[in-house]
Each structure stands twice: as C-alpha cells, then as structure tokens.
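Computed from the coordinates by the stated procedures, all read-outs in this text should not be read as laboratory data. Just so we're clear, the structure is a prediction, and the values are computed from it rather than from any experiment. Cβ placement follows ideal geometry from the backbone for every residue including glycine, while neighbour counts extend to all protein chains displayed.
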Amino acid sequence: MTKTPVNPQLESPVETSPRKRKLQYKLLQKTNLTNKQKKKIAVLRSKSWRLQKKNANLSSVIEVLKAESLINQETADALASIDPINKDILKRVAGISSCKKYSPVLRKFALTLHFISPRAYDFVRKSFNTCLPHPQTLTRWYQCVDGEPGFTKESLDALKLLVKNSSKQLYAALCFDEMAIRKHVEWDGENYIGFANTGNNVENDELPIAKEALTFMLTCVNGTWKIPIGYFNINSITAEQKAALVKHCIDLVEGCGINLISVTFDGCAANFSMAKVLGCKLDGDANNFDTSFYHNGKKVVIFPDPSHMIKLVRNALGDKNKLISAEGEIISWDYVKRLVDLQENEGFHLGNKLSKNRINFRKQIMKVKLAVQVFSESVADALEFCRDNLNLNEFSDCGGTVKFIRNINALFDVMNSRNLKAFGYKQPISEKNIDHIQTFLNDLYDYIKNLKYEDSLILYSQRKTGFFGFLLCIKSLFSLYENYVQPKKIQFLCTYKLSQDHIECFFSAIRAKGGYNNNPTARQFKAAYKRMLVHGELKHITTGNCVALNDINILTATRPEIALNATTIGNRCIESETATEGNYSTVIPSDHDYVMDPTILTEFSRQVITYIAGFVVHKMQSEIKCFKCLDALVSPEPYKILQLKKDKGGLHYPSKEVVLICEIAEKIYRTNKPFGKKNSMHYILQQCLKKCLHLNLFSDEHFTERVIYNHYPLLIKCISKHYLNARIHYATKKIVESGEKIRNFYTKLIIFKGQ
C-alpha cells in the first residue's frame, strides 16, 4: 500500500488549525490548476503559430511584408504577378522533400524576392514555415551564369529561344556605353580580377587596371524586351577595337536569328571615328553624309543618342552665348538668363521649368532634364509672352531664340517617340505621319547645317558634335523608315527604342545593387551583372514615374454644423471685428515710396495668378459636390492671354471672382511671409475671409445671406487654401534650390577618377 505524498507546504507547526490546513490545501490545488492552464495556453499558442507558418501562401506573405514595411505596393504587385494561378507555391510539401527539385515558379519567386530585398527574404524564411531555399542555395544558382567579361552565352541562348518561340521576324537595336568602375584589383582564390579584360583571357604582367566596363545591350524594335549581351573591362580602347567588337556582336546577334538595324552610341569622338572605320561617310558636305554601313550584306545605320546630343547643343549655346541662323536671326543664351531673372524677381514662373540650375548647369552637366527643359515649348511660349503681351524691351529681339528652341524641342520629340496615342511630333513614325515629319525634318536639316558661330558654320567649329549628331539622327531615321516601315516589315518605329536610355537604366540598377557603394569594382560589377541578367524581365519597380496622391477634401475638414454656424449673419459681423490671435501684419510706410509695395501686382504676376487659378478650379472640381458652387468657379472664356497661350485643349478657365480671390490671397501672402511662423496658414485664411466676405463676389442667390446653407465663406476659404498651398510649396522649393549644387559634381568626379 503506497503512501500519499505529503506536500511540505502543508507541514506546519502544531499550532496550525485544521481549518487553515484545509484552506492551504485548496489554494495549492488552484495554483497547480492555474499553472496547468498556462502551460496549455502556451502550447496552443505555439501550435497556432506553427499552423500559421505551415499555411503560408503567396498572398499572406506579401501582406505581412507590406505590413512590416519591407516592400512597397509596386514590389508587391511584381511579386504577386509571378504566377497568379498557383497560389500555394510557398507551402512546404508534406513528408521528406529534401530530394525534390525546386519548381521553376518557386525558383523565380525566391530569386525575385531576394533580388528586391534580401532583408524581406530573410524575414519570410524566419517567420513562415516555407520551402524557400537558403541564400547560399541562391548563390549556387547564380553560379550557373558565367558572367565573365566577353559576350554572355546565356544571353545569346535566351535570344535563340526567343526567336524559336516568336511567330514574327524580330528586329533589334544595339547600343553600347562605358560605365566607370573603381580601379581595384583583388584575388578571388583562383584569378586576379580588376585588370583590363576583353574576353580573350590574355595573361600579361603589363595589363593596365580597368577603369570602365564597356557594355552592350540589345533592345527589340518590334517587341517589348531588352537584354545585356556582354561587357568588357577596359582601361582605354581605340576606334578600330570598338569597330571589331561591334562587328563581332552583329555576327552573334544575327546568328541567333535577329536582324540588327542600328547601333547607338554617345557623343564621344572615338565613337564617330569608329563609325568611319565601319564604313560610314561623315566627312565633307552635310548633304552627302551616309550614316549606314554594310556587314555580311546587311545594312545597319548608326544613331547618335539624342539625349547626349541635346546636352551638347545646350553646352555649345551656353558657352558661345550667340549663334546666327541663315536668315541672320540672333540665337542668344542671354534671353534664357533674362527670363530666369524675371521669374525669380517676380516670384512666379510662366508655366515652365526654368530655374537657376538650368542656366548654371556646369555642376550638373550630366543631367539630361536640365537641357531638355531649356529647349521646351513652354520656354518658347514664355519668351514670346514677354515680348508680345508684356512688351518688355529686354525681349524685343528674341524671335530667333524662340524659333531655335521650338525646332530643337520638336526634333527631340521626334527622336524620343514611344506612345502610339501621343500627339504631334511625339507619335511614332508610320505611314500616317511620315509626310508631315519628313517635311519638318528636311527643313530642320537645312536650318541646323546653316547655323553659324561668328563668321563660320557651326559644323566647322569645335562645338559641332551636338548639331552634327542630330543631322546624323535625321539621316538614319529616313533610312530606317525606307528599309523597314515602308516595306511593312514593321508597322511603326518608336525612336525611343533606339536611344541609350535603356543601357543607362541598366547602369543605374548595377550601381543600386551596391547599396551605399555606387562605384563598384570589377568583381562587384560582375556579380551585379549576373543578378541583373537573371532578372532581366523585371521592371525598375523602385524608380517608377508615378507617385500615388491622396485625395484631400477641404470642405469636410471640419464638422458641417460648425462651418454653417460660422457663416451666419451675426457671426460674420463679429468675426470681421474680432482680433485674430497672433499679429502677423506688416505695415508698409506710405512716405517711403522707394520701398516696393508687395500689394501692387505687376501684369506679369496677374497673368501667372490667373493661370494658377485655373489649377485651383481643376483641383476643386474633383472635391466639391455642389453644382451651383462648381458653376461659379468656371468661365467659358479665358480671362488672361497666358491661359490662351498655354492651353493645349485641357485647361480650366477660372471665373473673374476666383481670380480676384487668388489675387487677394497673393497680396496677403506677400505682406505676411509665413515661413517659420506658427498657425500661419490659419491666419492668412482668416485675413482672406475678412477681405472677401463684404465684396459679394458671386451674384447667385445661393451665395447670399438669406440662404440658410450659405457656401460663400466656405468657397472663399477653399479657393484661398488651394492657392496658398500651391504658392507656399513653390516658395519653399525655391528656398531649397538656392545655392550652388556641388553634390552631383563631386559624386561624378569621384566615380570617373575610379576611386
């Protein structure tokens, strides 16, 4: 017979009563039961967590990654589009699965997620019971791609497979460029990496250290793909060597079954020398230029990159300051400077992107947008507006400059076409618009070749490259149309497919793979090249062109009953006489007339305010539901000439009342500079209400005081707030832009020095 164990806690002295011993025993039982329940809860929690991990699928993993801010919405869309049919690719297969191969879908998902964010990949492996492989396994998968300098076999194999599965003949454009890399040599355990290597594996003690990676990329003209097909580590290269590499590349590409129609390069002098070696005739009279060469009996044209050419044209005009057209018209950089100064002094822009860094471009000379935004239709319109409508003497002879800017803008549009639904010169070249484009380009060809600097033609000066390159682009474009579009081998030609933007984006992605290190060594370039080659089908999801905007409804920012009570007759009178908290007012002494009165608006300012008022109306139309208020905002005719000049078919014309409210808001803004002041927006809005409430701007009965639901003050506040938001954003941006830009200059300087 076994004895019941006695709990030592129940052993007590003799004086302990039986009742206390009984209570202590019950307490001990409850404690044990509580501990058992806690253990059971812990076990159930663990079981639930394991079940959640086990039941992980693609959608749940993506949602968790978004919640943890490890990926953004664009990345989530890219991951979700990998295989929309197979939703359970992440579930671990029951039983022993170590011997099973990873499916192609799972391999693609794993490589894509790790490529986008290694941190997100590690999080998924730790948080979910998935079958995602270890990162070392991914490294072994990358090792199957050679990635050594030279033409890449995997790329050529992919092209052959693409041709095999295509139902039409594929045409492609070749582009090449050099990317600066860090001058660095390292030992990888078997070989030295960092010396110049053109893919021939030559061993030499006197090989120089590579400072550039010459990369070749292929872009499909009648398709939607592009692929890098090789690279070479170089220190320097001659025109003859480049020509030999281009010929070898053409042989390899056409050996895959793809017709190569053009070769694109930048404005380096060695590239034009290479074109001459290939067989192009680029000397002599401009009418006799021949931009084509034959290889293996097939015609190929050269195509200087338009983005580089427009930068060179901007540099030439900025340095020489004056050019002369065949008609004797002066093309002067000074007019662009004067327009920038005028806009800076007025505090407004005439609907263009001009700023000081567009004319002081030397520290950011590589940025294409700084050149393109100078040669734009909006700048030409602004110069004409200052001359014809504002009658400013300093712009009286700007006709030649306006014509030059419009010509370069239209030429760049033709050379950068990408969308069939575009208008004008931005449409791809086809049978429908070839007559119009051909007439324009022929006239422009004569215009460019006859431009002069001082007493000689610009084509014979040392700054001819940009103009010379555009002439070659025009010649090549005509040749491509005659050989491919006219015979209906391709339906249309998107000239953007011929540009160097594709390889520049590739270089940007290569540099981004280094994180904070944007200047890779030869070994780092090789590793990034292999990863980019595997993920060639991915878009640049982290550098999209669109940013989602949140809708903001100003009229519902406060409770409706408070807003309505504030617009009654009694409250209006009280509000107009009650002092607002805080004193922002600035008094301009009337006896000091040499001080500019900020409340006096020039004609320049009034024109721009009216233009901004149209934007205010556009914003309010998507927020206000009251039809009478909407009718009061618009006018059937433009109120100022600037609106008519800028209207391409989609501008909103504000009513005179809206323009007047915006002008009042501008005057109050100028008088009370809001920067760094507390509740400045609230104060300025209150001042706008005080100025506008007694004016009875809108004649409709809907806005009179007899109506109970009076929207008059709310509409004034809404108009003022939209205008002030745009105005303050612009003014704040100008503060940030002030000062010399040196960051980009020194970043490029360090990269080009190979350090």
Of the listed links LYS648/LYS691; LYS337/LYS667; LYS369/LYS734; LYS640/LYS733; LYS640/LYS673, those spanning more than 29 angstrom between alpha carbons are LYS648/LYS691
What is the distance, in nm, between label points placed 7 Å from the Cα along the Cα-to-Cβ direction at ASN235 and at ASP122? 3.9 nm
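A 28 angstrom limit on the alpha carbon distance is what I want to check against. Which of LYS426/LYS721; LYS108/LYS526; LYS322/LYS367; LYS66/LYS153 exceed it? Walk me through the intermediate numbers first.
Working: LYS426/LYS721 36 Å; LYS108/LYS526 21 Å; LYS322/LYS367 23 Å; LYS66/LYS153 37 Å.
Over 28 Å Cα-Cα: LYS426/LYS721; LYS66/LYS153.
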Among the lysines, which fall within straight-line cross-link reach of LYS20, defined as a Cα-Cα distance under 20 Å, with same-chain neighbours fewer than 8 residues apart omitted? LYS30
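Where Lys and Arg each count +1 and Asp and Glu each count -1, what net charge lies around ILE237 among other residues with Cβ under 10 Å from its Cβ?
-2
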Under unit Cβ charges (Lys, Arg +1; Asp, Glu -1), what dipole magnitude, rounded to 20 debye, does region 307-472 have relative to its Cα centre? 940 debye
In whole Å, what is the distance between the alpha-carbon centres of region 295-331 and region 351-425? 16 Å
